[in-house]
1. For a quick check of your reading of the model, give me the residue pairs whose first member lies in segment 66-84 and is more than 13 Å from residue 49 (Cα to Cα), whose second is outside any helix (DSSP H, G or I) and modelled with pLDDT under 90, with beta-carbon atoms closer than 9 Å and at least 6 apart or on different chains.
2. Of (1) closer than 28 Å to residue 105 by Cβ; (2) at pLDDT 85 or above; (3) part of a helix (DSSP H, G or I), residue 3 satisfies all except one. Which?
3. Can you give me the number of residues within segment 104-119 that are without any contact (Cβ under 8 Å) to a residue 12 or more places away in the chain and surrounded by 10 or more Cβ atoms within 10 Å (Cβ to Cβ)?
4. Please work out if residue 17 is part of a helix (DSSP H, G or I) and either under 10 Å from the mean Cα position of the chain (by Cα) or outside the structural domain of residue 140 (by TED's automatic domain parsing) (or both).
5. Quick one: residue 84 ticks every box in (1) at pLDDT below 90; (2) surrounded by 13 or more Cβ atoms within 10 Å (Cβ to Cβ) except a single one, so which number is it?
6. So, in segment 122-142, how many residues would count as being within 25 Å of residue 13 (Cα to Cα) and either surrounded by fewer than 13 Cβ atoms within 10 Å (Cβ to Cβ) or touching a residue at least 24 places away in the same chain (Cβ under 8 Å) (or both)?
7. Scan (1) free of Cβ contacts under 8 Å to residues at least 24 places away in the same chain; (2) outside any helix (DSSP H, G or I); (3) surrounded by 14 or more Cβ atoms within 10 Å (Cβ to Cβ) for the single condition residue 41 breaks and write down its number.
8. Within 21 Å of the chain's Cα centre (by Cα) and not assigned by TED's automatic domain parsing to the domain that holds residue 66, is that true of residue 136?
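The values are calculated or read from the model by the stated rules, or taken from the named source; none is laboratory data. The shown structure was predicted, so the numbers you read here are calculated from the model rather than taken from an experiment. Please note: Cβ atoms are built from the backbone with ideal geometry, for glycine as well, and neighbour counts cover all protein chains shown.
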């Protein structure tokens, strides 16, 4: 699934065409929309895809952006976790290690927090999030 969603990542990301049984196809660059439309016949792959869809959906719900990066990170985390378990790492120890890594990452990220102090900064954030669409950035930064 990350192979498809990763194509939409970042300012240089590409659009993806989604085909629907009913209705017209949809062109999008939104990671969570792409993720929700990836399905597998293989049960194990579909289980993994559902997990990644939950990750992307949760990111969308709480952050509103970053769904593609969440899918990429999630894919890597699941893949490396399965590999670690296959090589004898106990799942409980793996979970503790992931939680410790998460906590460390959050502490590091806190050092980079930059409060938005004026309208120009807010507009710049909106501009990046809208793929440099001035009209959308103007409307959303008001």
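1. From segment 66-84, the pairs are 67/30; 68/9; 68/10; 68/13; 68/29; 68/30; 69/9; 69/10.
2. With respect to (1) closer than 28 Å to residue 105 by Cβ; (2) at pLDDT 85 or above; (3) part of a helix (DSSP H, G or I), residue 3 is out only on (2).
3. 3
4. no
5. It is condition (1) that residue 84 fails.
6. Here is the first cut: in segment 122-142, the ones within 25 Å of residue 13 (Cα to Cα) are 122-141.
With either surrounded by fewer than 13 Cβ atoms within 10 Å (Cβ to Cβ) or touching a residue at least 24 places away in the same chain (Cβ under 8 Å) (or both) added as a condition, the list becomes 128-129, 131-132, 134-135, 139.
Summing the residues that are within 25 Å of residue 13 (Cα to Cα) and either surrounded by fewer than 13 Cβ atoms within 10 Å (Cβ to Cβ) or touching a residue at least 24 places away in the same chain (Cβ under 8 Å) (or both) in segment 122-142 gives 7.
7. (3)
8. Numbers: within 21 Å of the chain's Cα centre (by Cα): no; not assigned by TED's automatic domain parsing to the domain that holds residue 66: yes.
Against the criterion (within 21 Å of the chain's Cα centre (by Cα) and not assigned by TED's automatic domain parsing to the domain that holds residue 66), residue 136 does not qualify.
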